[in-house]
Amino acid sequence: MLPTAAELIRELTLGPMVDHHAFALVAEEEELLTWARETVRRLLKDRADEARIDDTVLVATELLTNAIQHAGGPVSLTVDLYEKGVTVGVVDRGRDTTAIPTEPASYLAGLDEMTGATGGESLPEDGRGLSLISAFATGWGVEPAREGKIVTAAFCLAGSAA
């Protein structure tokens, strides 16, 4: 079972919350993603090194893209700044928290070890979002929300104990 946002914050010892931002988002997908990237980058300016900001922006974009593509309807973005980290959450209208696998699928599992081939098939265009989120976030989880569900990714920033 994936952890809740509260469990992530406690386990990663992010410290007390210092700022909270919540945005209800309704726009064309590309406009929304551009705005979200700029907003997350602005909120994290001077709080983390550029590489960690890039990681957070990438994950926020993936979370939003997944919500738009799979749940439809309006979404909202939360960015919570903590003493030693940040969480990015995306709420969508989907209610099925079990539809999100607890482990991202490996798209390299079918590779022929000797040739590196996929048996004539190319890697899928979709479905890599959870692998990216797992690779770049310190931790992530999903839980029911009043409007549907929220997927939250947590990041330890420079100077954190985790």
Margin query: If residue 57 satisfies all but one of (1) modelled with pLDDT of 90 or more; (2) in a loop (DSSP other than H, G, I, E, B); (3) surrounded by 19 or more Cβ atoms within 10 Å (Cβ to Cβ), what's the number of the condition it fails?
Written below: (2)
Margin query: Exactly one condition in (1) in a strand (DSSP E or B); (2) of a type outside the set (Ser, Thr, Tyr); (3) within 15 Å of residue 145 (Cβ to Cβ) is false for residue 86; which is it?
Written below: (3)
Check: If residue 52 satisfies every condition in (1) touching a residue at least 40 places away in the same chain (Cβ under 8 Å); (2) over 26 Å from residue 146 (Cβ atoms); (3) of a type outside the set (S, T, N, Q); (4) not in a helix (DSSP H, G or I) but one, which is the exception?
Finding: (4)
Check: Taking the stated definitions as given, is residue 6 under 25 Å from residue 144 (Cβ atoms) and not hydroxyl-bearing (Ser, Thr, Tyr)?
Finding: yes
Next item on the list: Return the only residue of 80, 46, 19 being acidic (Asp, Glu), assigned to a loop (DSSP other than H, G, I, E, B) and over 16 Å from residue 130 (Cα atoms).
Entry: 46
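The values are calculated or read from the model by the stated rules, or taken from the named source; none is laboratory data. Since we're looking at a predicted model, the values are computed, not measured. Virtual Cβ from ideal backbone geometry, glycine too; neighbours counted across all protein chains shown.
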